[in-house]
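Colleague: Mind looking over this structure? Questions follow.
The values are calculated or read from the model by the stated rules, or taken from the named source; none is laboratory data. Predicted model, so just to flag it, every value in this text is computed and none were measured. So basically every Cβ, Gly included, is an ideal-geometry build from the backbone, and we count neighbours across all protein chains shown. Surface areas here come from the heavy atoms of the whole protein model, side chains and all, with no ligands, DNA or RNA. Shrake-Rupley method; radii C 1.70, N 1.55, O 1.52, S 1.80 Å.
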Amino acid sequence: MELVAQLLGNEGARMVVGLIAVIALVSVNALFLIWMERKVAAHMQLRPGPMEVGPHGAIQTVADAIKLMGKELITPAEVDKPIFWLAPIVIFLPVLLSFLVIPFSSTWIIKDMNVGILLILAFSTLSVLSILMAGWSSNNKYAVFGAIRSVAQNVAYEIPLLVTVMSIILMVGSFKLTDIVAAQSGVWFVAVQPLAFILFIICATAETNRAPFDIPEAESELVAGFHTEYTGMRFALFFLAEYTNMFIAAAVATVLFLGGWQGPILPGVVWFLLKVYAVIFLLMWFRWTFPRLRFDQLITFAWKILIPLAFVNLLITALVLKLR
Amino acid sequence: MIELLGIEEKTYTLNLGPQHPSTHGVLRVLLEMDGEFIIKAEPVIGYGHRGHEHMAENRNYTQFLPNLARVDYLHALAYNQCYCMAVEKLLDLKVPERAEYIRVITCELNRLTSHLLWFGAYLMDLGAFTPFLYCFDDREHLLDLLDGLTGSRLTYCFFRFGGVPVDIDADFVAGCRAFVSRLRSRWDDYHNLVTKNVIFIHRTRDVGIITRDQCIKYGITGPNLRGSGIPYDIRKSEPYSAYPEFDFEIPIGSNGDIYDRYIVRLAEMEQSLRIIEQACNKLPDGPIMAEKVPKRIKPPVGEVYQAVETARGEFGMYIVSQGDVKPYRIKLRTPSFANMSIFPEMAQDNLVADLVANLGSIDVVIPEIDR
Amino acid sequence: MLKDNLIKALAPLNLEKVAEGDYAKTGYHLEVAALPAQLPDVAQAMLAAGCFLESFTAVDLNEAFDLVYHFASFDELCRTAVHLPLGKKKGMPTISHIYPGADWYEREVFDLFGIHFFNHPNLKRLLLPEDADFHPLLKDFGASQGND
Amino acid sequence: METKTGEPLIHLGVLEEALNLARANSLWPLTFGLACCAIEMMAAGAARFDLDRFGAGVFRPSPRQCDLMIVAGTISKKMAPAVVRLYEQMPAPKWVMAMGNCAISGGPFYYPTQYAIVPGADLIIPVDVYVPGCPPRPETLIEGILLLEEKITKRGRLRKFRDA
């Protein structure tokens, strides 16, 4: 036991153990989230959802995953091969690395960097690159459409997201995620900054390409968007990344607004995960309720409403902090 | 800017369909695009062509009856009724009143299934999945009723020349009444979930406008026409069957945009409920089959045009008889064919997303266009 | 009355027949017979009266075609049937510039009967594949084509 | 790689069986309807019947990501090349279900001078399961999917009902 503790004290060992744990968490979490999504959707839609594979379909997604591993990997003749192969991996790496700085509890954190929040935001921007790679290399018009839309959307929503996060950082005075959580020991920021919370959730939904902002893969318009040409495991990686992105977005929301691991009685990790899944449930609820926005409306919404609102929020925050 | 850089401005072709999630079957639209804007849209139809009209010339009158259910499988009974009425006109048969009432009740139930399906499928086109399942849940209750009476869930072939083969009983009437109150209790859900949704309103308001002039030039009928503010409904303007005996309204829109067509369809469902309710209350007793229906249907020489109001608009049947057991020529004037022909004009200079919204809003059934 | 207006409007065109129809039997209020060359004028008159093109089809009468146009109105119940005789291997003037909706109807008739329409902007097969070499609704079609 | 007695050195059977079990329980159909049957296919996926119970409810719009092609409706001669192409775009292992009489044999539209349709999906692509009906009821479609599962795994949920 002491050895383990010693090992965990060591920076390098901590990173290795952490990464292994993260990879395990990512896969299990994605499998669980997909199952949860299907169950949530089903129960909102007056049907039972997966039932037959395992109790209440609990291992349905495991079956799906095994099946996808066994599928043929088609590389269409006209694609740009290296980029086509690289894209699913590139989308996965930044997602994985974002876990480095997420504080699951006051001690459960792989590396507590003093620029933690910036790291996550920087990495989340990278995923749009891989979507562009995937769409462009597929040599499929629908995929290119999806990719181009995705870039425009991500650029537009990154700005209000950053500005919203800035108002929290102004209040705390630190980029460190643990500091931000610690600052919420009394009142959660969601109570202090309700507008920022709403803006953040909207932007996070758009950043993770979830409905009603799922323009890059709008099923009824673009077939399957940027991953139209992907088969088997490569497609599964995109799926995995989408759900992991959702987890990260929810985790950041929890850290910034919902007090992170803080809560009575239960251990911090449990509180943290509970809050994360609650936010994820909210995102799922959006998806199964709203119709999709049109592309130009989406961009207009970001530039004309979200960005001004985010700046106003930042200004007010700064003023209040100055006058206090 | 593009000119300055010396780059040639290029448009490209996008092939939407024949297999595409938003085309509701096998429609292909060739799009000439500039970025996300559509410069020219050309529907390519015929992927569901099954040769109904040719088949009619090679079958006798009775054998052609089941085909009508497969022309427009969503409102099969109206097509059935149109054909029966046309042949009855040729044969000079008088249908008993009770049979007319049964026809009206089942036809309106069928119209509800069609509109409910449209509602769900359309919202799915717009990216909302849940209303689709709500509608299918309600639709299943309707199908139970019709299934119990006709023995089929979708492709009903229930009416016969001169009447209907099976009488309805008290259980069926009670089932109808129960369904009417069930669906009425659901309107609030639908409106809260969809009609009042900001995104939905923004997607549909002032999009895909059809003007009165266009309606005349393209021969558009049905809810698409009424959305443009023209109160033309064959059930009222050219009354047939037992429809003159019921009190119902023709809902119309004002703008002719998608939102109006949507509202018109929802309001029409309520009117259908009213008709069903009144028919159940006033249901007369009597025979359900005309007397002296010939065993061998062999109408005299002549031609007839019969129109009915289906869920999608005016369905017309033009039958030429040369005194044979087989029809000499049957032309099916299907509503979606005319409604779809305006599509290139509607899609022009719009975004792809609007194309999907437009296509869904005119409610096409592809095998009915292709026949 | 739309019917009287139509009769008045069609009178100067010197059509073969403009007569009231037997609505109870055929569903027509007005029956018109004309020659193919007169069709664009008839269509113009119909459009001016606010009628829409309800349906258009051909009937193969072995020796000749009988082309049938149905017009109706949104405002008043009045269905007009226009019959035109057309010899085999002859063409028709198009009315797709008057009624854009006629575009598809004419293409369909071209597809299924092989009737050519002059000045049609886009006359190609509508329902059958473009490489089809037959016209299924001709009465002599069954003899030449078997099922494969 | 076999020993003298004919026993394989490494047993891959278990792995294969697990893979087949996974495949059978995760049949993602293509969103692809041709005619009337497509409506019953939608109904089978909707509230009352819910194909998702068996893991077959994930309708994928792209042929690259699905396992099962439900040929729901009449295949016209104009459509036939597209159907073949869609089948070719699907990644192996893939299965085809002919849903409805039209897809099985041309159904009611097959008669001596028919010119427009392909009488049977099996004339252009290999078909695994035939689901009769015009159109088949959703229950029948579900049975078809369970039969396909039985075909993949050599055992199935249906068998216990049939043996009882």
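Colleague: Which lysines have a Cα lying under 28 Å from the Cα of residue A:39, excluding residues fewer than 8 positions away in the same chain?
Modeller: Answer for residue A:39, where 28 Å is the Cα cut-off: A:67, A:71, A:275, B:196, D:94, D:151, D:160, listed by chain and number.
Colleague: Using only the alpha-carbon atoms of the protein assembly as shown as identical scatterers, what base-10 log of I(q)/I(0) does the Debye formula give at q = 0.08, 0.09, 0.10 Å⁻¹?
Modeller: After summing over all Cα pairs, the log10 values are -0.84, -1.02, -1.21.
Colleague: Among the lysines, select those whose C-alpha is under 29 Å from the C-alpha of residue C:3, and discard any that sit fewer than 8 residues away in the same chain.
Modeller: B:89, B:94, B:217, B:236, B:331, C:17, C:25
Colleague: Further question: Counting other Cβ atoms within 10 Å of each Cβ, which GluC sites (Glu not before Pro) in the range B:291-348 have at most 12 and sit in a DSSP loop?
Modeller: Working: sites: B:291, B:303, B:309, B:314, B:345; in loops: B:291.
The qualifying sites are B:291.
Colleague: DSSP loop chymotrypsin sites (Phe, Trp or Tyr not before Pro) in the range A:74-131 with at most 12 other Cβ atoms within 10 Å of their Cβ, which ones?
Modeller: Nothing satisfies the criteria.
Colleague: For the range B:19-77, what mean projected area does the convex hull of the alpha carbons give, in nm²? Working shown, then result.
Modeller: Numbers: hull surface 22.1 nm².
In nm², the orientation-averaged hull projection of the range B:19-77 is 5.5.
Colleague: Right, next: Within chain A, what is the longest stretch that has no GluC sites (Glu not before Pro) placed in a DSSP loop and near at most 13 other beta-carbon atoms within 10 Å? It would help to have the intermediate numbers written out before the result.
Modeller: Values: sites that count: A:72, A:78.
Result for the longest clean stretch: A:79-324.
Colleague: Using only Cα atoms, figure out Rg for the range C:2-138 and give it as a multiple of 2.2 N^0.38 Å.
Modeller: Working: Rg = 14.9 Å, N = 137, 2.2 N^0.38 = 14.3 Å.
Dividing the Cα radius of gyration by 2.2 N^0.38 Å gives 1.05.
Colleague: Express in Å², to the nearest 10, the accessible area of residue C:124 obtained by rolling a 1.4 Å probe over the protein heavy atoms while all chains stay in place.
Modeller: My reading of the accessible area for residue C:124 is about 60 Å².
Colleague: Roughly what % of Cα-Cα distances in chain B sit above 39 Å, to the whole percent? List each step's numbers first, then the result.
Modeller: Working: 12045 of 68635 pairs.
Looking at chain B, the distances longer than 39 Å represent 18 percent of pairs.
Colleague: Find the accessible area per residue for the protein assembly as shown; the probe is 1.4 Å, ligands and nucleic acids are left out, and the unit is Å².
Modeller: Working: 37070 Å² over 1007 residues.
Accessible area per residue, the protein assembly as shown: 37 Å².
Colleague: Considering only A:302, A:24, A:183, give the residue with the highest GNM mean-square fluctuation for chain A, with springs between Cα atoms whenever their separation is below 10 Å.
Modeller: A:24
Colleague: Could you tell me the relative contact order of the range C:2-138? Use alpha-carbon pairs under 8 Å, at least six residues apart, and round to a whole percent. Could you put the intermediate results ahead of the total?
Modeller: Values: 248 pairs, mean separation 26.5, N = 137.
Contact order relative to length: 19 percent.
Colleague: Go through the range C:1-78 and name the GluC sites (Glu not before Pro) that are in a DSSP coil and have 13 or fewer other Cβ atoms within 10 Å of their Cβ. Spell out each step's value before the answer.
Modeller: Numbers: sites: C:16, C:20, C:31, C:54, C:63, C:76; in loops: C:16, C:63, C:76.
Of the GluC sites (Glu not before Pro), the ones in loops of the range C:1-78 whose Cβ has at most 13 other Cβ atoms within 10 Å are C:16, C:63.
Colleague: So, in Å, what gap is there between the alpha-carbon centers of the range A:73-96 and the range B:42-91?
Modeller: Each part reduced to its Cα centre gives a spacing of 50 Å.
Colleague: Mind grabbing the interface size between A and B? I mean buried accessible area, both sides, 1.4 Å probe, in Å² to the nearest hundred.
Modeller: Details: alone 15620 and 15790 Å², together 28890 Å².
Chain pair A/B: roughly 2500 Å² of buried accessible area.
Colleague: Return the long-range amide H neighbours of residue B:44 (sequence gap of 5 or more, or a different chain), with a cut-off of under 5 Å between placed amide H atoms.
Modeller: Answer set, sorted by chain and number: B:28, B:29, B:30.
Colleague: Right, here's the next one. Along each of the three principal axes of the Cα atoms of the range A:232-312, give the extent in whole Å, ordering the values from largest to smallest.
Modeller: Extents along the principal axes: 47, 46, 21 Å.
Colleague: Here's something else I'd like to know. List the lysines whose alpha-carbon lies under 30 Å from that of residue A:322, not counting same-chain residues fewer than 8 positions away?
Modeller: Residue A:322 reaches A:176, A:304.
Colleague: Counting each DSSP H run of 4 or more residues in chain D as -39500 (n - 2.57), what helix-only mean residue ellipticity at 222 nm follows after dividing by all residues, to the nearest 500 deg cm²/dmol?
Modeller: On the way: 6 runs with 60 residues, N = 164.
Dividing the helical sum by the residues of chain D leaves -10500 deg cm²/dmol.
Colleague: Restricting to DSSP H runs of at least four residues, report the calculated mean residue ellipticity at 222 nm for chain A, -39500 (n - 2.57) per run over all residues, nearest 500 deg cm²/dmol. Working shown, then result.
Modeller: Numbers: 14 runs with 221 residues, N = 324.
Calculated mean residue ellipticity at 222 nm is -22500 deg cm²/dmol.
Colleague: Let me ask something additional. At 222 nm, what helix-only mean residue ellipticity would chain B give, in deg cm²/dmol to the nearest 500, using -39500 (n - 2.57) for each DSSP H run of four or more? Let's see the in-between values first.
Modeller: Numbers: 16 runs with 183 residues, N = 371.
The helix-only estimate for chain B comes to -15000 deg cm²/dmol at 222 nm.
Colleague: Of all accessible surface on the protein assembly as shown at a 1.4 Å probe, what whole percent is carbon and sulfur?
Modeller: In the protein assembly as shown, the share of accessible area belonging to carbon and sulfur is 61 percent.
Colleague: Largest first and in whole Å, give the semi-axes of the range D:56-164's equivalent ellipsoid, each being the square root of 5 times a Cα gyration tensor eigenvalue. Each step should come with its number before you reach the end.
Modeller: Numbers: eigenvalues 123, 68, 23 Å².
For the range D:56-164, the semi-axes come out at 25, 18, 11 Å.
Colleague: Continuing with this model, one more query. Using a 1.4 Å probe on protein heavy atoms only, how many Å² of accessible area do D and A hide from each other, summed over both chains and rounded to 100? Let's see the in-between values first.
Modeller: Numbers: alone 9580 and 15620 Å², together 22760 Å².
Chains D and A together bury roughly 2400 Å² of accessible area.
Colleague: Explain nothing, just compute: Karplus ³J(HN,Hα) = 6.51 cos²θ - 1.76 cosθ + 1.60, θ = phi - 60°, for every residue of the range D:93-108 in order, whole Hz, x for Gly and Pro.
Modeller: The phi angles translate into x, 9, 10, 10, 10, 8, 9, x, 4, 4, 6, 7, 8, x, x, x Hz.
Colleague: Let me ask something else about it. Given an 8 Å cut-off on Cα distances and at least 6 residues of separation, report the relative contact order of the range B:2-370 as a percent.
Modeller: Details: 685 pairs, mean separation 94.1, N = 369.
About 25 percent, as a whole number.
Colleague: Still on this model: Can you tell me, using C-alpha contacts under 8 Å and at least 6 residues apart, the relative contact order of the range A:80-323 as a whole percent?
Modeller: Relative contact order, the range A:80-323: 27 percent.
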